[in-house]
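Remarks on the structure that follows.
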Amino acid sequence: MTRSRPSVLLFSSLLALAADVAVADPETTLNLYLNGGRYWFDSDRLDGTPFQGFDLELSDSTGGGGGLGYSITDRWAMEGVIDYFSADIKGIDEKVDVYNYHLDLFYHFLGSFCGAPCVWQPYFAFGVGEVRTEYNGSFGLEDLEEFEGDWHRRQTMINAGFGLKYQLGPRWQTRADIRAFQGVEEGGVDGFLSVAIGYQWYEYPTVVRDTDADGYVDGVDRCPQTPPGIAVGQDGCPMDGDYDGVPDYLDRCPRTQTGVAVTDEGCPQ
């Protein structure tokens, strides 16, 4: 069975979109994921195979696999995935091997990880691929000479879903993902709920923050909430020319003599 035309067109569209957004940010990283979870098969997933017509269904299965991801920008990423499942056929003592491989695009709603407090990274994912079903058994061989005892079939699948990543460290992350897979040729919708652990071949850069934009980063700024435009000293706090504890921009008496008790407005009591 040759690769279907819809699959080729959808793969081309994903690659074209990835090329467009890649220009926006040359900073790139590679990510390796290992995942596992529960896969729910549509009741008609055996349509298009030699089992079609026997009113047979696949049992839901636990399995997993891995993926290689490529961070295009701080919000966009692409990932190639292959998962494997050994699925029982309901009603008979037989199994099939199911391989689900797909190419996906990810959109991260909050951008890249930046350390605490933004260690959570929700995302939306969509992609295209194929489900390959393989069988090597003895069902029907005694009664149905025309039944194939050794076969494989492929079906184009498009997918979409949501997930949430959590940064474990500079290079490590974990994630939970829920995905729906829609068959193109035979129809039907499968579901996959998985968890994964990932390793990144580039350490997340340290983000230096200056919340009040006064020129002093938060790590050394003793007054990180200074209003915009206010002159500050070497400690990042507003200037206090008469050292009365009331910053100049609030001090109504900015030349009070040293040691004189003042009000909240900076004037002598």
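Computed from the coordinates by the stated procedures, all read-outs in this text should not be read as laboratory data. Everything quoted here is computed from the prediction, not taken from an experiment. Virtual Cβ from ideal backbone geometry, glycine too; neighbours counted across all protein chains shown.
For this structure, a couple of remarks:
- Across the range 56-97, the residues whose backbone nitrogen lies under 17 Å from the label position 7 Å along the beta-carbon direction of residue 168 are 65-69.
- Length gained when the stretch residue 239-residue 32 is fully extended (0.36 nm per residue, less Cα-Cα span): 69.5 nm
- Computed lengthening from residue 225 to residue 70, 0.36 nm per intervening residue step minus Cα-Cα distance: 52.1 nm
- Cα centroid of the range 33-98 to Cα centroid of the range 177-255, whole Å: 41 Å
- 20 Å cut-off, amide nitrogen to a point 7 angstrom out along residue 55 Cα→Cβ, residues in the range 82-101: 89-94
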